[in-house]
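Some notes on the structure that comes next.
Read-outs throughout are calculated quantities, based only on the coordinates presented, and are distinct from any laboratory measurement. Note that the structure is a prediction, hence the values are computed from the model and not measured. Heads up, the Cβs are rebuilt from the backbone with ideal geometry, glycines too, and the neighbour counts pull from every protein chain shown.
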Amino acid sequence: MTRTVLVTGGAGYVGSHCCKAFRDAGWNVVVFDNFSRGWHDFVQFGEAFEGDLLNADDLDAAFAKYKPDAVAHFAALAYVGESVEKPGMYYENNTMGTVRLLDAMAKAGVDKIIFSSTCATYGVPEKMPMTEDLPQNPINPYGMSKLFVEKVLDDYEVAHGIRSVKLRYFNAAGASPDGEVGERHEPETHLIPLCIEGVLNDTFKLTVFGDDFDTRDGTCIRDYIHVMDLADAHLKALDYLDKGGKSDAFNLGTGTGTTVMEIVQAVERVTGKPVPRSIGPRRAGDPPALVASAEKAERILGWKPTQSDVNSVIETAYAWHKKEIARKAATAE
Ligand SMILES: NC(=O)c1ccc[n+]([C@@H]2O[C@H](COP(=O)([O-])OP(=O)(O)OC[C@H]3O[C@@H](n4cnc5c(N)ncnc54)[C@H](O)[C@@H]3O)[C@@H](O)[C@H]2O)c1
Ligand SMILES: O=c1ccn([C@@H]2O[C@H](COP(=O)(O)OP(=O)(O)O[C@H]3O[C@H](CO)[C@H](O)[C@H](O)[C@H]3O)[C@@H](O)[C@H]2O)c(=O)[nH]1
């Protein structure tokens, strides 16, 4: 019997790639999205239900209509800087929105959820690579809004028997290799698409946020994980919950850190073109280094990244961004 997964935020970047993986694995996919930051053309792998997490009637209607077996919950606002300026918007949308979602799940008797958490819940980590048992002390409202959800999920398990897998992504990057979906954020703030913008757009220059960190070349270290590897982890997490696995949290990263300058150089190598840049001040709230230990996800979920070498990430992202330029030119005509 075909089973249904309700994917909140499935019209966004990570959610759309996961919908593709769910569909390919035989799930019936329903995207629940308010399209505030999502894209109609990203809904290719299942039906769309336009609704808002903050609207209980929308949620009840979606659960009544599709009777999902599980929920994959990506819908959120995800700009760290914006969260500092508008914390209320983040706690309302991300935390209260998830409370509404969980209430609707409890009402509908749906008892499995995969949640998009983030390495931002750790704040500045005490040690590297980062294991799941490190203290979680977020340094911005975005990270805190997600940490609250992790706690709320545990309370809903006690009260309503909803089991959850919290997936703490490190830096999602890359695009579907067949070019069906890719990274589209407006505005774009992430490093790899901005390096590619520098390659493709004569008028754009990247600002490197600080070169005086205590790292091998002075720029920040991050753990870039291919979005298709993230999608695979979601499939494995669904399977894990389906088989009765207990609620748990997993870091999703590669275990390898890459500096900002190493990314810039890799983009230049892959594209054969220079990335115009200047060195600017540090960005507020940027920890010097964030690198996952991916050991637990491998041990318990059987997940191992296979597409996350920096070249594969950049090649797929570059192919997608070239296609995006053609799309934008066509819509501007
Ligand atoms: N991109 C990353 O590197 C990264 C890293 C860690 C965690 N995450 C988390 O992964 C998830 C997806 O991130 P993304 O980069 O794909 O973001 P995105 O902005 O591309 O997608 C988010 C989607 O959620 C939808 N949405 C937001 N609020 C909603 C609401 N109230 N009701 C219904 N739909 C709503 C938006 O319209 C959008 O389609 C987020 O929860 C984010 O916090 C992302
Ligand atoms: O124009 C830019 C953009 C980024 N960077 C640097 O590049 C690295 C990566 O920055 P991104 O903005 O691409 O990613 P973040 O590490 O800030 O953010 C990611 O991790 C966060 C948790 O820390 C959130 O989860 C967020 O959603 C996710 O994209 C950082 O050192 C940043 O300072 C620059 O130098 N210049």
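Values for this structure:
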read-out: Overall dimensions of the stretch 123-196 as given by Cα atoms, namely Rg and Dmax in Å; value: 16.3, 47
read-out: The stretch 1-43: proportion of alpha-carbon pairs further apart than 18 angstrom, %; value: 20
read-out: Trypsin sites (Lys or Arg not before Pro) restricted to DSSP loop in the stretch 100-151 with at most 11 other C-beta within 10 Å; value: Lys127
read-out: Phi-based couplings in Hz for the stretch 112-123 (Karplus 6.51, -1.76, 1.60; Gly and Pro marked x); value: 9, 9, 9, 10, 7, 9, 8, 5, 5, 6, 7, x
read-out: Relative exposure of Ile196, Ile314, Ile300, judged by other C-beta atoms within 10 Å (fewest first); value: Ile300, Ile314, Ile196
read-out: Whole-angstrom Cα spans of the chain along principal axes, big to small; value: 54, 51, 38
read-out: Relative contact order [Cα under 8 Å, 6+ residues apart], the stretch 5-145, whole percent; value: 23
read-out: Structure-based [θ]222 nm, the chain - -39500 (n - 2.57) summed over DSSP H runs of at least 4, per residue, nearest 500; value: -12000 deg cm²/dmol
read-out: Cα centroid separation - the stretch 212-257 against the stretch 53-84, whole Å; value: 22
read-out: All Cα pairs of the stretch 97-232, percent lying beyond 28 Å; value: 33
read-out: Cα centre as origin, Lys/Arg/Asp/Glu Cβ charges: the chain dipole, Debye; value: 280
read-out: Span from the the stretch 283-326 Cα centroid across to the the stretch 91-131 one, whole angstrom; value: 20
read-out: The chain - share of DSSP beta bridges that are antiparallel (%, nearest 5); value: 5
read-out: Residue order, fewest to most surrounding Cβ atoms within 10 angstrom, among Trp27, Trp39; value: Trp39, Trp27
read-out: All-pairs Cα distance distribution in the stretch 180-333, expressed in whole percent, bin size 5 Å; value: 2, 8, 15, 18, 18, 15, 11, 7, 4, 2, 0
read-out: Derived scalar couplings ³J(HN,Hα) [the stretch 158-169; Karplus, 6.51 cos²θ - 1.76 cosθ + 1.60; whole Hz; x for Gly, Pro]; value: 4, 7, 10, x, 8, 8, 9, 10, 9, 9, 8, 6
read-out: Amide H contacts of Val7 (H built 1.01 Å from N, under 5 Å, at least 5 apart or other chain); value: Val30, Val31, Phe32, Ala72
read-out: Placed amide H near Ser308: partners under 5 Å, 5+ positions off or other chain; value: His226
read-out: Largest to smallest principal axis extent of the C-alpha atoms in the stretch 280-333, angstrom; value: 51, 35, 18
